[in-house]
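*Asks:* Before I ask anything, here is the structure I am working with.
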Amino acid sequence: MDELDDLRALVERAKSGQAAAWEALFRRSYPRLFAYATRRLGPEDAKDAVSETFARAVRRIDGFRWSGGGFDAWLYGIIRHVVTDAQRVAYRRPPGGELDDRACDSPGPLDHVLGEEEAAAVRRAFVRLSPSDQELLELRVVGGLSADETARVLGKRPGAVRMAQSRALERLRGLLDEAVVNHDR
């Protein structure tokens, strides 16, 4: 059995109401969903967003079909709506409830690959990207979604996602190059 077959079996068990299957799906998806939500909401609200995402997934699992982007894309579509709802609520809050910027500075998987200085430079450049570029790269790189799955989440065509990803990466490279030039001065 390959990974997709294992996931299909797990989702089918979850559809039949098996709590252990839901727990396995939660454990499998939590780190990536949490990273996605943290960048938009901060760590505390991100925990709530992931919990709400799974609550909605449990309620809606009967409507899930294996067409389109698959289970991961379906979950990211849900969390994207949860995050948007949370941002709307936060926008209506009185001033003073600032988001925690530590989410952008906290070490993540990237730090294990790159040195701390390089990872910090990438994070600084990343936050300078537009929100749409950030979301696209998070879905593709952090979330590990394919172009087809990302297209499903964002409501775009896979070719448009690949082109947008290429452009976003080019902008990120430009920001990194700019940081190196400014650092060397």
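Values quoted throughout were computed directly from the atomic coordinates according to the rules given, and no laboratory measurement underlies them. None of these values were measured; they are calculated from a predicted model. Cβ sites come from the backbone with ideal geometry, for glycine too, and all protein chains shown count toward neighbours.
*Asks:* Based only on other Cβ atoms within 10 Å, what is the fewest-to-most ordering of Tyr76, Tyr30? Before the final figure, lay out the partial values.
*Replies:* On the way: Tyr76 26, Tyr30 15.
Taking fewest neighbouring Cβ atoms as first place, the list is Tyr30, Tyr76.
*Asks:* Still on this structure, I have one more. Rank the residues Glu135, Glu118 as a footprinting-exposure proxy: fewest other Cβ atoms within 10 Å of their Cβ go first.
*Replies:* Details: Glu135 22, Glu118 13.
Going from least to most buried by this count: Glu118, Glu135.
*Asks:* Which of Asp148, Asp72 comes first, and how do the rest follow, when ranked by fewest Cβ neighbours within 10 Å?
*Replies:* Numbers: Asp148 15, Asp72 22.
Exposure proxy ranking, most exposed first: Asp148, Asp72.
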